[in-house]
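Asks: I'd like to ask some things about the structure below.
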Amino acid sequence: MERYPASQHFEKLFWKLKETLPQEEAAKTQIVVLSGECTGYRNDTDRELLFRQESNFFWLSGCDLPGSHLVLYYEFGRTSGTFKRHLFIPQEDPLEVLWSQPPPDLREARALFDATDIGFSKDFASTLQTILKNHRQHVLHVLPSSQLLPKHPTEIASCVASATDKYLLSAIHQVRLIKDEYEISLIRKANEISSRAHEVVMRLLGLGVSDGKHHANGAKSETTVPLMPHQWRISKEAEAEAVFVASCRREGALHQAYLPIVAASTRASTLHYCCNDKEFLWGPDTPSTADIAHDHNHCLAPQVLLIDASCEWRNYASDITRVTPVGNGGKFTKEAREIYETVLKMQMACIEAAKPGVHWDTLHLKSHEILVQELLKLGILQGEFKTVLESGVSAAFYPHGLGHSLGMDVHDVPSASKPSENKTIPAESSKNPEFYRYLRLRLPLEKHMVVTIEPGCYFSPYQLAPVRNSPYINAEVLGRYESVGGVRIEDVVSITENGCDVLTTVRKDVEWLEAVASGSL
């Protein structure tokens, strides 16, 4: 495994801190102190939680060991200087190794981690004291004190008492916003694994159509032998989630980037639906909230299955959403297909337009313009295009942002991607403020930004309630489409010199989706 380039990241951070600080402070030695995440436990038990390193710590260390620490600074010389990176890792405990895998020794750690000096965590406090003593004129940087970030050990409390948390987190977020080639390669890998997992679910749905065994998982059997993976079929949200996660895990992905969203039927209108605990809709009159037992007299009703799920690879995220037709022989209904093609048109136009210098607000507005055009063609909206767009009524169908920055976190570096003081926002954005309420990114695009492009169209009764009597909505036509629930299509893209590179590999064209979902491909 290639060693993570933590030294390059600290150099970027150092120059950003120097740029951010007042001149008199910038001339001093900049010392950064970070503590990594510790192993968590569920409530008051000794049951360990799955460990995942804190993102900022990993970005500056490449170290995935619980209970590690980091001291970074620039050592001035007579003619030049050296970037110093002291990493402290836990020492092997002879009693603990009975229960847990031991950490690497110092020799192994030097080969694994990009640091100038590596020691044990027990020496963290004394080494930090020495560094501070040897650099009297310094600025000591720490992350803000928060329940959301790891705490420093009490042994260094006196050392960090005079530290500032004013600059570090903001500076890290700003430099993390632009990815290097190594980071993009990790995000690409996460997307490849997640794309295959999406396709595995789609193909299992298709097998259920082609062999007629949608009921296999819950049907009574005369034998006590459990179903083997090749016998699995999907007719519940939980089954689709299980297959997706298993596919990622088989390829070595330890973490999901976020809680999977697996929403069938009208539940696809809930943006962050993470329950994933309902049956698919059984037709023709079974309500979508039913949790019925499998019955050979039932067949799946026509519906969509929206899956927004992705894994991490070496702590770098992916974020993919696909919508698959379920029931109806694996084909979209007329209404579902029309909404799907509308959203696909929105997404493809935004991908085509994404390039350095284009403001994210501009792309988001473009997606709303296409949505209004298409809903007018379908008759769901009525009136003159410009008037309907300016009314803001399309926000009831598409309330969220076009996408967000992505990196080590799925909603990456929020303070940098949507800064509190932002002079870049186009004047045009003030005309429809409801369009931009939930945007997580509000900047011009730059080369090596990694973002998601994920427009949608939803028929949420809660979002539609305030606008049902709008003169721009045809209630009769709207009623024919509400059973679709919702459609979102999401890919991850890396901004290039003249455009963008789509890192997501699973296909999304209607012909391919229906061929796979019907079991004919």
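The values are calculated or read from the model by the stated rules, or taken from the named source; none is laboratory data. None of these values were measured; they are calculated from a predicted model. Methodologically, a virtual Cβ is constructed for each residue, glycine included, from the backbone with ideal geometry; neighbour enumeration extends over all protein chains shown. Remember, those area values only see protein heavy atoms, side chains included, never the ligands or the DNA or RNA. Shrake-Rupley method; radii C 1.70, N 1.55, O 1.52, S 1.80 Å.
Asks: Consider L376 carefully, then state whether it is in contact with a Cys (Cβ under 7 Å, 6 or more places away or on another chain) and not β-branched (V, I, T).
Replies: When the stated conditions are applied, L376 does not pass them.
Asks: Of all residues in the stretch 429-481, count the ones that are at pLDDT 95 or above, of a type in the set (D, E, K, R), touching an Asp or Glu at 6+ places or on another chain (Cβ under 9 Å) and not in a loop (DSSP other than H, G, I, E, B).
Replies: 1
Asks: Go through the stretch 423-432 residue by residue and tally those that are surrounded by 10 or more Cβ atoms within 10 Å (Cβ to Cβ) and more than 12 Å from H359 (Cα to Cα).
Replies: Matching residues across the stretch 423-432 total 2.
Asks: Condition check: open to solvent by 70 Å² or more (accessible area, probe 1.4 Å) and either touching a strand residue (DSSP E or B) at 6+ places or on another chain (Cβ under 8 Å) or not hydrophobic (A, V, I, L, M, F, W, C) (or both). Does R85 satisfy that?
Replies: Answer is no for this residue.
Asks: Return the total of residues in the stretch 222-250 being assigned to a loop (DSSP other than H, G, I, E, B) and without any contact (Cβ under 8 Å) to a residue 60 or more places away in the chain.
Replies: Total satisfying the criteria: 10.
Asks: Just one of E183, E222, E241 is at pLDDT 90 or above, open to solvent by 10 Å² or more (accessible area, probe 1.4 Å) and either within 19 Å of the chain's Cα centre (by Cα) or more than 26 Å from S460 (Cα to Cα) (or both); which is it?
Replies: Only one candidate passes the filter, namely E241.
Asks: Another question about this same structure. Name the residues in the stretch 271-281 that are closer than 21 Å to H411 by Cα and in contact with a helix residue (DSSP H, G or I) (Cβ under 9 Å, 6 or more places away or on another chain), would you?
Replies: Y273, C275
Asks: Something else: So F76 clears everything in (1) over 23 Å from P414 (Cβ atoms); (2) aromatic (F, W, Y); (3) open to solvent by less than 30 Å² (accessible area, probe 1.4 Å) except one condition, right? Which one?
Replies: Status for F76: all satisfied but (3).
Asks: When only residues in the stretch 16-38 that are without any contact (Cβ under 8 Å) to a residue 60 or more places away in the chain and surrounded by 13 or more Cβ atoms within 10 Å (Cβ to Cβ) count, which is nearest to Y182 (Cα to Cα)?
Replies: By that ranking, first place goes to K18.
Asks: Those residues that are polar (S, T, N, Q) and not in a helix (DSSP H, G or I), I need them from the stretch 158-196; list them, please.
Replies: S158, S162, T164
Asks: Only one of H368, H411, H404, H359 is under 30 Å from L168 (Cα atoms), more than 20 Å from the chain's Cα centre (by Cα), modelled with pLDDT of 95 or more and surrounded by 15 or more Cβ atoms within 10 Å (Cβ to Cβ). Can you tell me which?
Replies: None of the others qualify; the one that does is H359.
Asks: Considering only residues that are out of contact with any strand residue (DSSP E or B) (no Cβ under 9 Å at 6 or more places or on another chain) and at pLDDT 95 or above, look in the stretch 288-315 and name the one that is least open to solvent (accessible area, probe 1.4 Å).
Replies: Filtering the stretch 288-315 for residues that are out of contact with any strand residue (DSSP E or B) (no Cβ under 9 Å at 6 or more places or on another chain) and at pLDDT 95 or above, the one least open to solvent (accessible area, probe 1.4 Å) comes out as N315.
Asks: Just wondering, is there one or more residues in the stretch 134-149 that are among the charged types (D, E, K, R) and at pLDDT below 95?
Replies: Yes, the stretch 134-149 has at least one match.
Asks: Any residue in the stretch 115-130 that is over 29 Å from A26 (Cα atoms) and either open to solvent by 80 Å² or more (accessible area, probe 1.4 Å) or in contact with a Leu (Cβ under 6 Å, 6 or more places away or on another chain) (or both)?
Replies: Yes: the stretch 115-130 contains one or more residues that are over 29 Å from A26 (Cα atoms) and either open to solvent by 80 Å² or more (accessible area, probe 1.4 Å) or in contact with a Leu (Cβ under 6 Å, 6 or more places away or on another chain) (or both).
Asks: Yes or no: S61 modelled with pLDDT of 95 or more, among the hydroxyl-bearing types (S, T, Y), within 36 Å of the chain's Cα centre (by Cα) and farther than 27 Å from A416 by Cα?
Replies: no
Asks: Among the residues of the stretch 391-401, is any more than 24 Å from the chain's Cα centre (by Cα), surrounded by fewer than 20 Cβ atoms within 10 Å (Cβ to Cβ) and not basic (K, R)?
Replies: yes
Asks: May I ask you to list the residues in the stretch 139-180 that are closer than 30 Å to K508 by Cβ and surrounded by 16 or more Cβ atoms within 10 Å (Cβ to Cβ)?
Replies: Across the stretch 139-180, the qualifying residues are R176, L177, I178, K179.
Asks: Still on this structure, please answer the following. Can you name the residue in the stretch 5-57 that is of a type in the set (G, A, S), in contact with a helix residue (DSSP H, G or I) (Cβ under 9 Å, 6 or more places away or on another chain) and in a helix (DSSP H, G or I) and is also farthest from F113 (Cα to Cα) among such residues?
Replies: Across the stretch 5-57, the extreme among qualifying residues is A26.
Asks: Take the conditions of a type in the set (D, E, K, R), touching a strand residue (DSSP E or B) at 6+ places or on another chain (Cβ under 8 Å) and open to solvent by less than 40 Å² (accessible area, probe 1.4 Å) and apply them to E374. Does it pass?
Replies: no
Asks: Now for a different question. Determine whether I320 is surrounded by 17 or more Cβ atoms within 10 Å (Cβ to Cβ), in contact with a Ser or Thr (Cβ under 7 Å, 6 or more places away or on another chain), closer than 24 Å to P260 by Cβ and of a type in the set (V, I, T).
Replies: So I320 passes the test.
Asks: Looking at (1) surrounded by 19 or more Cβ atoms within 10 Å (Cβ to Cβ); (2) farther than 25 Å from F14 by Cα, which one does N43 not meet, given that it meets all the others?
Replies: (1)
Asks: For the stretch 328-356, name all the residues that are over 20 Å from G479 (Cβ atoms) and part of a loop (DSSP other than H, G, I, E, B).
Replies: Within the stretch 328-356, K331, A354, K355, P356 meet the criteria.
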